[in-house]
Amino acid sequence: MLSVTDLMPTSTNSADSSPTADTGMSRGHYRRMSSFNREFPDIPVLQFDSKGDKLDPDKPKLRIRTLTWNIAGHQPKEDLTDVLGLAPERESTPDGSASSSADIVNEGKPEADLIAIGFQELSASPAAPVMESVIMSEIWTTTLKKRMSSQDYVLLQSIRLQGIVLFVFSKSRHLKYVRYMDTAYLRLGASGWWGNKGAVGISFEIYDVTLCFVNSHLSPHDHAFKDRVKNHRQILRDMVFVGGRTDTSCILEHDYAVWLGDFNFRIEGISQDKTLHYIESQKWPQLLKHDQLHRAAFVEGAFSTFQEGKIEFPPTYKFVTGTSIYDTRNPAKIRRPSYCDRILWRTRTDARKAALIEYTSHMNHQISDHKPVTAVLEIALGSEQEQYVVFDPIDRWFVGQHGYFRYSAKPGTFYSAWDWIGLYKASYTSFDEYVTYVWSPGASEENLGCINGRYVLKPGRYLLVYFSSEHKCGIGFSEIFEIVSA
C-alpha cells in the first residue's frame, strides 16, 4: 500500500539527496511530498489503495457502478457490455439456443443498482462547433438507453457541458425512492468562459442517503500541474446545487460523493523508457510514486478526504487510436503513459459506509487514445422511505377510451401546479418518453385523474408516473397495466 509513510525518506539526514535505487528520485523529493500532511495533520489526505469499509451483510446495500472514459470524439462502435457491467446480449442460433457476441465477462456478478457514466471529449477539438457535441451526445445517449433498457435500467438524469457529459441510470425498482434531483456544471476552459474543460454533477437522494456524482475534465499537459490542483479547488468551491435539498448544495455535503473523470495528472520525473519498463514488468507501485495525483494529494492537499482503490492496471493514456499500443511516435512531443483517468469516492461521516468491490481498466477498447476505467462500490442504506404518491391498482384501459386513475399522496407532500402525471410504455428508457400527460389535479389524500382517450391509441403494457416539479423526478409509479383493443 502506498501511503504517506511510503513517501518519507528512510534517512533523517536532510543533506542526503541521493537518488533512491528503484525510482531515480531524491529522498528530498519524498520529504516535500509529505508537506501537506505535516502542515495539516488533522485533515485526511486522499487515501490511496483503499478498499473502503466493511459493510454489515445483514443490512441493505446499494451497488453502484461507475465508468469514466475520454472518448476523443468517437462514436460507439464497440460492444459496451464489459464496461457497463451488463449481462451479455443473447442472439438466437439456428438450433434455437442462445449465444452471445460478447465475452461472458459479467455473468455471475451481481447487477448494479445504479450506473454512473462520465464521458469527456464528445468532440475531440476544443474549437469544434457546439453542434458537434450535441450530435455526439445524442448518438451516445441513444446507444446507452437502448443497451441499458434491455437490463431494466432507466435513465435517471443526465447533464452535458460541451464535450463533458454525465449519465446516471437506475434499476426501475429504485425509481420510486429517488428525491430532490438536481444538476450543476462549471466551466474551467478559457478562464471560465469555455466549457471544453470543467465539470458536471448530478445530486439526489435515494432511500435515506444523499448521493453526488461529479465528472470532470481538468487542464491538460505535463506542465499544468498547478492548474489541475486549482481546477479541483474551483470545482469544490464553485459547483453548487441550487435546486435540490438545502443541506446538499455542495459536493462535500452529500453522504456519498463519487468523483470521476479525465483528471489529466501525469507520470513525471522519469524517462519514457523507464515508464515503459515499469509497465512491461507490471511494477505499479514504483510507477505510481511518479504519479502527479499523489504529489497533488501530499503536497497540495488535493482531494483530501476522498479515497481511491488500489491501481493494478496499466496507465490508461496515451494510446495509438485503434490499438493497445502506447503512442511514442513523436519524440518532439513526448507523452509518457499516465494515469489520467481516475475514480474517487468519499463518505461524509463515519456512520456512512462504502466498500470498493472492483477498480479496473478495460484495455480491449480501442476507439480512443484513452482506455475506460470502471469502479464498483457498495454503500450502506438505512430503511426504505415511504412513497410520496401511491396509485391504486389499474385493471385495464381500452384503446380510444378515457383512462381513469386514482392516487393518494403522503400527508405533507409538496404540491405544485407544475406537477404532472405521464402515461408511459412499460419499456420506457427515460422520463422524457411519455406517451401523453395531464397536469396533476392535486396532492391530497384522495385524487382522481383522467387520460384523454384520443391519446390512448395502441394496445400494450403501460404505467403512470407522477412527476414532481420540486423533486425534478418521478415520485409515484403505478403498477404496469394493460391497454387493450376495445
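Maximal additional length on extending the ILE43-GLU268 stretch stands at 78.4 nm, based on 0.36 nm per residue less the C-alpha distance.
Neighbour counting of Cβ atoms within 10 Å sorts the residues THR429, THR143, fewest neighbours leading, into THR143, THR429. Backbone phi angles across the range 280-296, fed through the Karplus curve with coefficients 6.51, -1.76 and 1.60 (θ = phi - 60°), yield HN-Hα couplings of 4, 8, 6, 8, 5, x, 5, 5, 6, 5, 9, 7, 5, 5, 5, 5, 4 Hz in residue order; Gly and Pro are listed as x. Rounded, prolate or oblate: which one fits the range 291-409, using the alpha carbon gyration tensor with axes a ≥ b ≥ c (rounded when a/c is under 1.5, else prolate when a/b beats b/c, else oblate)? Oblate shape, in that a/c is at least 1.5 and b/c is the bigger or equal ratio. Taking a label point 7 Å from the Cα of LYS77 along the Cα→Cβ vector, which residues of the range 348-379 have an amide N closer than 18 Å to it? It comes to 363-372, nothing else. Report the FRET efficiency, 1/(1 + (r/R0)^6), for VAL240 and SER172, where r is their Cβ-Cβ distance and R0 is 30 Å, rounded to 0.05. With R0 = 30 Å, the Cβ-Cβ based efficiency is 0.50. Under 22 Å Cα-Cα from LYS146, which lysines qualify once same-chain neighbours fewer than 8 residues away are excluded? Candidates past the 8-residue exclusion: LYS77, LYS109, LYS171, LYS176, LYS425, LYS458. The label-point distance for SER444 and ASP58, in a model that sets each label 7 Å from Cα toward Cβ, rounds to 4.5 nm. With both residues required to sit in the range 389-484, DSSP beta bridges show an antiparallel share near 90%. 3J(HN,Hα) couplings calculated from phi for the range 228-242 with the Karplus curve 6.51 cos²θ - 1.76 cosθ + 1.60 (θ = phi - 60°) are, in sequence order, 5, 4, 5, 4, 4, 5, 4, 5, 4, 7, 9, 7, 10, 9, 9 Hz; Gly and Pro show x.
As a rough footprinting exposure proxy, the listed residues THR141, THR349 were ranked by other beta carbons within 10 Å of their own, and the order from fewest upward is THR349, THR141. Among PHE431, PHE391, a tally of other beta-carbon atoms within 10 Å of each Cβ gives an order, fewest to most, of PHE431, PHE391.
Using the Cβ-Cβ distance between ILE135 and SER469 with R0 set to 35 Å, the FRET efficiency works out to roughly 0.75. 3J(HN,Hα) along the range 478-486, derived from phi through the Karplus expression 6.51 cos²θ - 1.76 cosθ + 1.60 where θ = phi - 60°, amounts to 6, 6, 5, 9, 9, 10, 10, 5, 6 Hz, with x in place of Gly and Pro. Structural descriptor for the range 389-484: relative contact order 39 percent, calculated from alpha carbon pairs under 8 angstrom and at least 6 residues apart. Legend: distances between Cα atoms for LYS61/LYS353; LYS61/LYS410; LYS289/LYS371; pairs beyond 18 Å are LYS61/LYS410; LYS289/LYS371.
Amide H contacts for LYS197 (H built 1.01 Å from N in the peptide plane; partners 5 or more residues away or on another chain; cut-off under 5 Å): LEU188, GLY189.
Read-outs throughout are calculated quantities, based only on the coordinates presented, and are distinct from any laboratory measurement. This one's a predicted model, so the numbers in the text were calculated from it and none came from an experiment. Backbone-built Cβ (ideal geometry, glycine too); neighbour counts: all protein chains shown.
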